[in-house]
1. How are the Cα pair distances of the range 311-370 distributed, in percent, across 10 Å bins from 0?
2. How many angstrom separate the Cα center of the range 273-321 from the Cα center of the range 200-226?
3. Please report, to one decimal in angstroms, the Kirkwood hydrodynamic radius of the range 370-518 built from all distinct Cα-Cα pairs.
4. Translational diffusion coefficient, Stokes-Einstein: compute it for the chain using the Kirkwood radius over C-alpha pairs as Rh, at 25 °C and 0.890 mPa s, and state it as an integer in µm² s⁻¹.
5. Sort the following peptides by mean Cβ neighbour count (other Cβ atoms within 10 Å, averaged over residues), highest first: 309-320, 585-596, 704-715.
6. For the chain, what is the relative contact order in percent, using Cα pairs closer than 8 Å and at least 6 residues apart in sequence?
7. Considering only the chain, what is the antiparallel percent among its DSSP beta bridges, to the nearest 5?
8. What ranking, highest mean first, results for peptides 240-248, 17-25 when packing means the other Cβ atoms within 10 Å averaged over each residue?
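The values are calculated or read from the model by the stated rules, or taken from the named source; none is laboratory data. Since the structure is predicted, the reported quantities are computational estimates derived from the model, not experimental observations. Because the Cβ atoms are built from the backbone with ideal geometry, glycine has one as well, and the counts that use them run over all protein chains shown. For accessibility, only protein heavy atoms count, side chains too; no ligands or nucleic acids. Shrake-Rupley method; radii C 1.70, N 1.55, O 1.52, S 1.80 Å.
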Amino acid sequence: MDWSILNSEQRKAAQCTKGAILVTAGAGSGKTRLLTYRIANIIEQGINPYNILAITFTNKAANEMKTRLTNLISDTKYMWVMTFHALCTRILRENIDKLDGYNKNFSIYDDGEQNRVIKNILKDKDIDPDKYFKTIKYLISESKNNGLSLEDFSLEYRDVNNFELIFEVYEAYENHLKKNNALDFDDLLIKTRTLLLTKADVLEHYSRRFEYISVDEFQDTNKIQYELVKLLGSFHKNIFIVGDEDQSIYGWRGANISNIKDFIKDYDAIVFKLEQNYRSTKKILNAANNLISYNTNRITKNLWTENEDGVRIEKYIAFNESEEGEYVASTIKSLVDYAGYKYNDIAVLVRLNALTRNFEEKLMNYNIPYDVYGTIKFYGRKEIKDILAYLTAIANPDDNGAILRIINFPKRGIGDSTVKQLQNYCAVKDISMRNALIDLNNQDLPNQLINKLKPFGELLKKIIDFYNENGLQKTAEFVVEQTGIWQLYSDDNEENYNRRLNINELLNSIAKFVEENESNDLSEYLISISLQSDIDTYEEENNKVTLATIHSVKGLEFSTVFITGLEEGIFPVLRSGGYNDIEEERRLMYVAMTRAEKRLYMSHCRVRYLYGKREDHFQSRFWEEIFDEEEQSQRKGDYSSYRQNSKKTDDNYYKISATINTETDFVPKTHQQPTKLKIVSIDKNYTAGVKVKHKAYGIGTIMNINGEGNNALAKIDFEQVGVKNLILAIAPLEIVNE
């Protein structure tokens, strides 16, 4: 085995094979290489692969480790390399019949099955599932992640609102699982722990078998997972964990950052630090180190690299979200056209998935291929599709699909049998469901059926009448309020928070459409949406910009990274009454920065439309924490409203308002790049009144042009999607000769 591939600290850790060992591995420091070499070293010393357990957090990571091990050693057949859930499933398949009421043919309920069971229990109790479902599901999962039994839950959560109801549903849910010989994903961990704690023969078998245990991404373990590691390693106590508390970003779903420090204390563990980074430039690493030094709950380390110094980190302060999107799109276009980058070298990262819509639109404007990674494209998100279904039902009386989507959403007591009777009646009478619903008094239907459908029919007619009097923009807001959709997501949790942001972003896009197209027509808007979501402008299937939330790209790396929306309240997220952890938000920023290899761009807006209104926004505290005083002084031109005399504390943070004229008719500009940007010669025939063709939007007419050369911005009225403002230097346009 070629030890020269490891650096000195990696080599020391890989050759230390006995006892409890912690490797705190900084971003891009080669931890996977270390893990595989250490396992290969143990096998070379004569240990049977059967006696080795390696735990990862994703199937992708497990498969990568297996592949690397196969390249180093010949025999890995009986080695267990798998996720926590796969490990527990295997143990349970062999032993669950030792627990009362279960057999080895148990089913595993995925998220959809779990949702179905809980909702059916609520229906059986004549309770609206939409009112309590998410709270109940969250509390069940939180309770199980904390290792609580049903009895423990009754003591721990008795002060929660509607506790009696929640407990009854939880108890019924557990009874259903047991009756059906089924487990949910949290149960896989819980039942395995129960087996190991209560069945001495099971514990002895596995703790004796696994002489060497390795755990990757230990900072992401929850309480139960740490207990499982301790139980499985209780005989030999050769436990090797790799983690980085600076990258612990899943506290909101149960990950316990204190597990790393507890491991050191519980085992008096040997600690190695991997601080050499193989991914990023010196400038990126220095900035990341500056940022993370503001956290106090961490093991001190300082990443360094032998990589090049690199170009400076680019900061951009946009007037609004539209200009921020133009900046990102034009920069990407320049990097690809003039600096030799490919689209798949580039990632655009957001803290909240509601922010992706603006970037999706701008990337499409300039024919830049992209994939939305780790989330659903904006117009495919459930809450957006639900609202659009209401609008579609207004615009198209014959669209029965839209009616079927909304007839019982939010829940209004219209069951499947009622819907089926209505469908059959409409088919016989050759009438659309919408027309039947808004005129129920004149339909030949049983009174019982009419009474069930009448409230929804009246709501539909109310919305249609409102649209006829008020137009698109006000009707969209009316739908959100009158249907109860907004109230449905009123509970303050991470999922509802994102759904509310998405709804606000939809309302923002509608307002923008109305303003730019001087049209309040619903049908025109729906046509423009269908084109934006359905037209595929990708030129190469595997060469696309990654547009993603930061959580979804942990473990990935890109040559160029854009971190957007760096504003207080957005990044870091600050929610009143919700889950707030500034140190975790800072770790998330650290993860985002250390995804970048060569270039890092950061941006924020002075004004942003959010929560249903346009407001001044203030720069994220992270900006000032990232750059040292020398860099700050070099960038004085970038600043308009920032805090002074920074101290290393979050409590002393304050903001100074910028004076912003939100009424200004702002014109986006093409932004200077680190590499020289070619001066583009704009076709002299681009003038007002000229017809042009866009690769995605089709035929349009230039209304006016502002600016010259690279800064020339055309306002174009497209026949199918309405008005778009496009930078002529990079827009995929050609003149149509009539």
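1. Distribution as computed: 21, 57, 22, 0 percent.
2. 34 Å
3. Taking the inverse mean of 1/r over all distinct Cα pairs, the range 370-518 comes out at 16.6 Å.
4. Calculated translational D: 85 µm²/s.
5. Numbers: 309-320: 18.2, 585-596: 25.7, 704-715: 16.3.
The peptides rank, most packed first, as 585-596, 309-320, 704-715.
6. After rounding, I find 15 percent.
7. Values: 25 of 72 bridges.
The answer is about 35 percent antiparallel.
8. The most tightly packed comes first, giving 240-248, 17-25.
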